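Chemist: Please find one structure pasted underneath; my questions will follow.
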Amino acid sequence: MYDHDLLVVGSANADLVIGVERRPGAGETVLGSDLAVHPGGKGANQAVAAARLGARTALLARVGDDAHGRLLLDSQRAAGVDTAGVLVGGAPTGVALITVDPSGDNSIVVSPGANGRLTPEDVRAAAGVLHASRVVSAQLEIPLETVVEVVRNLAPDCRFVLNPSPPRPLPQEVLAACDPLIVNEHEAKVILGDALVGDRPEDWARTLLAKGPRSVVVTLGAEGSLVASSEGVTRVPSVKVAAVDTTGAGDAFTAALACRIGAGASLEEAASYASRVGAAAVTRPGAQESFPTATEVEALCCASPGGNPRTPGRGSGNASGTAHGGGSC
Ligand code: ADP
C-alpha cells in the first residue's frame, strides 16, 4: 500500500513579475507596474497540478525561512499537497525575477537559492517517503547529483518520470531509470546533443529511446505529444482550445501523466489524459492558478481534436480549486 500516488522531488520558486514598457539596457532604470508575486518552480507546479487532479501528492523540496517560502508552503497546502517533506532554511527561497513587456516577451533572472541546497543527503533522509510513493517525478531545477540520488533510492516497482528542464546532458544511470523521459522540442535537442538526427520529432523520440530510457514522451505544444516505447512511436493529439497563456503547460502535462500511469493507465492513455490537462491549463493565465481539477478536465473530454475551441469554466470544479473536485486522475 502506497501513502502517495506521486512524490515530486524538485524546485519551489517565488515568481516576481513586473510589467514594463520596455526592458532596461545596461546601466538604465525603468519604471514598471506593481509587483505580482506568484508561487512557481517546476517541482511546486507539478505537485499542485497533481493534487488538484485528486492524486495523493507529496513534495520533497527546500525553501528559505522567509515570506516567499511561506507563500509556497501555503499554495501547496491549499492544493492538498503533503508538505512534510518540504525542508526549510539553508538559503533564501529560490526566486525568478521576471519582466514582461507589452508584446509578452519576458526576461528572467533566476536565483536558485534553497533549491540549490536540496542535497543527496536530503534525499537519503527521505528514503521512507520515496519507498511509500507509487510514482516519483523530478526536474532539473535542483542539483543533478540530487536527481541521481533519487534514482538510486527508488523502490523496485516505482515508476520514475523525469522532465529534464532546464535541459543538460544526463548520466546513463538517470536515463535508464526514466519511464518516461518527458521533453519538449528544445529539451529533446539539448539531451540528444551530437546524437540529434533528422528534423522530425518522431526521429528525436526514437533516438532518445535508444539512449536508454524505458519510454519517452515528446510534447509538441498545440500539436499534442509523441509517445515512444519498445512498442513503437505513437502520436497523441491535443485538444483544440483557445490558448491564453502556455506558462506551466508542461508541468501540468507531466504531473497528469505521472498520476495516470500510477493508476495503471498505458503510456498512450496517460498522454491523452495529460493532453487534456495541458490544454485546460493554457486556457487560463498563470501557472499554478491555471491548473484544472479533474472535473474541469472531464469537461474537455467531449472536445475532439479539430473541434470547436473550448474554455473550461471554473464553475464546474470545486470553488477552492483544491483536489477532490469530482473524479480524480
Ligand atoms: P512546455 O510547456 O514544457 O514547453 P508544451 O508547450 O509542449 O510543453 O505543452 C505541454 C502539453 O500541453 C502539450 O503536449 C499539449 O498537450 C498541451 N498544450 C500546450 N499548448 C497547447 C495549446 N496551445 N493547445 C492545446 N494544448 C496545448
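Chemist: So, for the chain, what is the accessible surface per residue at a probe of 1.4 Å, expressed in square angstrom? Please report the intermediate quantities before stating the final value.
Modeler: Details: 13720 Å² over 329 residues.
Using a 1.4 Å probe on heavy atoms only, each residue of the chain averages 42 Å².
Chemist: Of all DSSP beta bridges in region 36-126, what percent run antiparallel (nearest 5)?
Modeler: Working: 6 of 10 bridges.
Antiparallel bridges: around 60 percent, rounded to the nearest 5.
Chemist: Near the amide H of G89, under 5 Å away, which other amide H atoms are found, from residues 5 or more places off or on another chain, if H is placed in the peptide plane?
Modeler: V63, G64, D65
Chemist: For region 92-138, what ratio Rg/Rh do Cα atoms give with a Kirkwood hydrodynamic radius? Please list the in-between numbers first.
Modeler: On the way: Rg = 16.6 Å, Rh = 13.6 Å.
That ratio is 1.22, to two decimals.
Chemist: Same structure, new question: Grab the alpha carbons of region 32-189, take their convex hull, and tell me the volume per residue in Å³. Please report the intermediate quantities before stating the final value.
Modeler: On the way: hull volume 20.5 nm³, N = 158.
Considering the Cα atoms of region 32-189, their hull volume per residue is 130 Å³.
Chemist: If you don't mind, there's one more thing I want to ask. As an exercise, take the mean of 1/r over every pair of distinct alpha carbons in region 23-87, invert it, and state the Kirkwood radius in angstroms. Show your work: numbers first, answer last.
Modeler: Values: mean 1/r = 0.0747 Å⁻¹.
Value: 13.4 Å, from the Cα pair sum.
Chemist: Rounded to two decimal places and with Rh computed the Kirkwood way over Cα pairs, what is Rg over Rh for the chain?
Modeler: Numbers: Rg = 18.8 Å, Rh = 19.8 Å.
That ratio is 0.95, to two decimals.
Chemist: Using the C-alpha atoms of region 1-49, what convex hull volume per residue, in cubic angstrom, is computed?
Modeler: Values: hull volume 4.5 nm³, N = 49.
Given the Cα convex hull of region 1-49, per-residue volume reads 92 Å³.
Chemist: So for the pair A26, A78, with labels modelled 7 Å out along Cα→Cβ, what separation do we get in nm?
Modeler: About 4.1 nm separates the two model spin labels.
Chemist: Still on this structure: Tell me the net charge near T247. Cut-off is 11 Å between Cβ atoms, T247 excluded, with +1 for each Lys or Arg and -1 for each Asp or Glu.
Modeler: Working: positive: R284; negative: D15, D245, D251, E289.
Result for the neighbourhood of T247: -3.
Chemist: Another question, then. Summing Lys, Arg as +1 and Asp, Glu as -1, what charge do residues with Cβ under 15 Å from the Cβ of R23 carry, R23 excluded?
Modeler: Values: positive: R22; negative: E21, E28, D101, D105.
Its environment carries a net charge of -3.
Chemist: Still on this structure: Calculate I(q)/I(0) for region 123-222 by the Debye formula, one identical point scatterer on each C-alpha and no solvent, and give its log10 at q = 0.12, 0.14, 0.20 Å⁻¹ to two decimals.
Modeler: For region 123-222, the Cα-only Debye profile gives -0.37, -0.50, -0.94.
Chemist: Please list R124, R284 in order of solvent-accessible area, largest first, computed with a 1.4 Å probe with all protein chains present. Mind dumping the intermediate values first?
Modeler: Values: R124 125, R284 30 Å².
Descending accessible area places them as R124, R284.
Chemist: Could you pull out every one of the lysines with an alpha carbon less than 16 Å from that of K189, ignoring same-chain neighbours closer than 8 positions?
Modeler: K211
Chemist: With every protein chain left in place, what is the accessible area of E141 in Å² (1.4 Å probe, nearest 10)?
Modeler: 60
Chemist: Can you send over the carbon and sulfur percentage of the accessible area for the chain, probe radius 1.4 Å, protein chains only? Display every interim value, and only then the final one.
Modeler: Numbers: 7150 of 13720 Å².
Answer for the chain: carbon and sulfur cover 52 percent of the accessible area.
Chemist: What does the charge count near R152 come to, summing +1 for each Lys or Arg and -1 for each Asp or Glu among other residues with Cβ under 14 Å from its Cβ? Mind showing how you got there, number by number?
Modeler: Details: positive: R124; negative: E121, D122, E145, E149, E173.
Result for the neighbourhood of R152: -4.
Chemist: Magnitude of the Cβ-charge dipole of region 168-290, K/R +1 and D/E -1, about the Cα centre, nearest 20 debye? Before the final figure, lay out the partial values.
Modeler: Numbers: 11 positive and 15 negative charges, 27 e Å.
Dipole size: approximately 120 debye.
Chemist: Tell me the label-point distance for the pair A155, V190, using the 7 Å Cα-to-Cβ offset, in nm and rounded to one decimal.
Modeler: Placing both labels 7 Å along Cα→Cβ, they lie 3.2 nm apart.
Chemist: Can you tell me which of 235-244, 45-54 comes out highest on packing, and rank the rest after it, using the mean Cβ neighbours within 10 Å? Display every interim value, and only then the final one.
Modeler: Details: 235-244: 18.2, 45-54: 32.2.
Those peptides, ordered most packed to least, come out 45-54, 235-244.
Chemist: Given region 1-59, what percent of its DSSP beta bridges are antiparallel, to the nearest 5?
Modeler: Details: 6 of 9 bridges.
Here the antiparallel bridges make up roughly 65 percent for region 1-59.
Chemist: Which number do you get for Rg(Cα) / (2.2 N^0.38 Å) in region 192-303?
Modeler: Working: Rg = 14.2 Å, N = 112, 2.2 N^0.38 = 13.2 Å.
Against the empirical 2.2 N^0.38 Å value, I get 1.08 for region 192-303.
Chemist: Related question: Please work out the Cα center distance from region 85-152 to region 164-210, rounded to the nearest Å.
Modeler: Centre-to-centre (Cα) distance: 21 Å.
Chemist: Could you grab the relative contact order for region 119-216? Cα pairs under 8 Å, six or more apart, rounded to a whole percent.
Modeler: Numbers: 149 pairs, mean separation 23.0, N = 98.
Answer for region 119-216 is 23 percent.
Chemist: Just the number, please: percent antiparallel of the DSSP beta bridges in the chain, rounded to the nearest 5. Show your work: numbers first, answer last.
Modeler: Values: 21 of 51 bridges.
Approximately 40 percent, going by the DSSP bridge assignments.
The values are calculated or read from the model by the stated rules, or taken from the named source; none is laboratory data. No experiment lies behind these values; they were computed from the predicted model shown. Please note: Cβ atoms are built from the backbone with ideal geometry, for glycine as well, and neighbour counts cover all protein chains shown. Protein only, heavy atoms only, side chains kept; ligands, DNA and RNA dropped before computing areas. Shrake-Rupley method; radii C 1.70, N 1.55, O 1.52, S 1.80 Å.
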